[in-house]
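The values are calculated or read from the model by the stated rules, or taken from the named source; none is laboratory data. The structure displayed is predicted, hence computed values, not measured ones. Heads up, the Cβs are rebuilt from the backbone with ideal geometry, glycines too, and the neighbour counts pull from every protein chain shown.
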């Protein structure tokens with residue numbers, strides 16, 4: 001078994017795709033017998049959650065973008081790697097990539113792995129090219145992430161690139177026990193279709209295009225309600241837009257929720273209008289719940305959504321296209337067929353067990 005470390009730079013209130021991936025993978029690898037070390041800021045949620053379940057934790061000061069020229073932080077981390085015989089290191093951000101790669105090379109860490117979950121280019125800097133050549137593997141969670149991230153590094157070895165999509169616990173979203181009836185809680189007519197959008201209320205998630213599409217949809221079909229699940233910096237702006245368009249009858253903001261499986265199991269379909277993504281957990285969770293997905297054709301979403309099988313794709317940032325596809329799904333007589341296709345997609349491609357096994361293969365060879 002291996003001594004596996006995860007280097008993270010999250011702040012006190014950070015909990016997103018990166019933190020979620022690290023925590024889930026760390027727990028799973030620990031269960032398989034690997035010794036896990038979480039290196040993060042002690043005020044972070046990741047550090048606290050890891051410590052609570054008994055994983056080895058180390059506090060680290062905030063890692064700046066110039067960490068690779070901070071000799072004290074480099075040497076301190078390298079010393080920690082040597083002391084604990086770390087043979088595998090994962091990191092998921094630009095600052096941790098820079099610091100971790102140098103410190104791990106100084107400590108002769110055997111497997112240095114950069115896992116990237118955002119479909120944005122790594123900046124075209126000479127030191128990034130140098131450091132990329134010093135890692136063992138680059139894990140991308142989608143083809144879009146791989147292509148965009150390595151846009152300026154066409155000579156990076158394909159042998160070092162591993163494509164590992166995100167995955168979910170399939171059992172968690174099957175035969176869900178309903179404790180809260182979402183229709184009763186928010187006084188929704190049971191004869192109306194229930195559409196959901198789950199995610200941070202932010203520019204990236206594109207909810208303003210969704211709300212404008214709802215304004216168009218109601219002129220052709222009005223037997224629906226849309227639940228916006230989540231909070232974020234654009235919340236006030238989006239609520240004002242709903243009032244401005246007189247959509248209070250159709251759109252409900254229900255804030256942060258912990259009962260996502262229950263919400264998904266009661267909805268008719270998911271609408272995901274993100275402007276860019278790596279491999280969105282919420283879309284995979286929807287598929288696992290047997291919930292068809294209408295998504296925009298940005299980033300990795302066309303890799304996940306199979307038109308007519310588990311959902312449909314609308315044009316990115318295009319209100320008319322989103323409204324047209326919403327109408328198509330609202331009038332769809334075979335939502336049950338799409339629901340079956342959604343679950344089949346999740347089972348075939350997006351199980352968390354597959355993610356763990358493929359990630360483990362990057363550093364561990366069973367004897």
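The residues listed here are 37, 90; of these, the one that is within 22 Å of residue 165 (Cβ to Cβ) and assigned by TED's automatic domain parsing to the domain that holds residue 134 is 90.
Filtered by the rule that a residue be touching a strand residue (DSSP E or B) at 6+ places or on another chain (Cβ under 7 Å), over 23 Å from residue 193 (Cα atoms) and in a helix (DSSP H, G or I), the range 293-325 gives 301, 302.
All conditions but one from (1) in contact (Cβ under 8 Å) with a residue 60 or more places away in the chain; (2) touching a helix residue (DSSP H, G or I) at 6+ places or on another chain (Cβ under 8 Å); (3) more than 30 Å from residue 22 (Cα to Cα) apply to residue 331; the one that does not is (2).
Of the residues making up the range 174-215, just one is closer than 17 Å to residue 240 by Cα and either more than 28 Å from the chain's Cα centre (by Cα) or without any contact (Cβ under 8 Å) to a residue 24 or more places away in the chain (or both), namely 215.
The sole residue among 358, 307, 344 that is free of Cβ contacts under 8 Å to residues at least 24 places away in the same chain and out of contact with any helix residue (DSSP H, G or I) (no Cβ under 8 Å at 6 or more places or on another chain) is 307. Among the residues making up the range 12-66, a single one is out of contact with any strand residue (DSSP E or B) (no Cβ under 6 Å at 6 or more places or on another chain), buried (at least 16 other Cβ atoms within 10 Å of the Cβ), touching a residue at least 40 places away in the same chain (Cβ under 8 Å) and closer than 20 Å to residue 103 by Cα: 63.
Of 117, 100, which residue is touching a residue at least 24 places away in the same chain (Cβ under 8 Å) and over 19 Å from the mean Cα position of the chain (by Cα)? Break it down into steps so the answer makes sense when it comes.
Numbers: 117 fails: over 19 Å from the mean Cα position of the chain (by Cα).
So the residue among 117, 100 that is touching a residue at least 24 places away in the same chain (Cβ under 8 Å) and over 19 Å from the mean Cα position of the chain (by Cα) is 100.
Restricting to the range 181-205, name every residue that is surrounded by 21 or more Cβ atoms within 10 Å (Cβ to Cβ) and within 20 Å of residue 327 (Cβ to Cβ). Correct list: 195, 196, 197. Taken together, 288, 295 contain a single residue that is in contact with a helix residue (DSSP H, G or I) (Cβ under 7 Å, 6 or more places away or on another chain), more than 20 Å from residue 352 (Cβ to Cβ) and either free of Cβ contacts under 8 Å to residues at least 24 places away in the same chain or not assigned by TED's automatic domain parsing to the domain that holds residue 15 (or both), which is 295.
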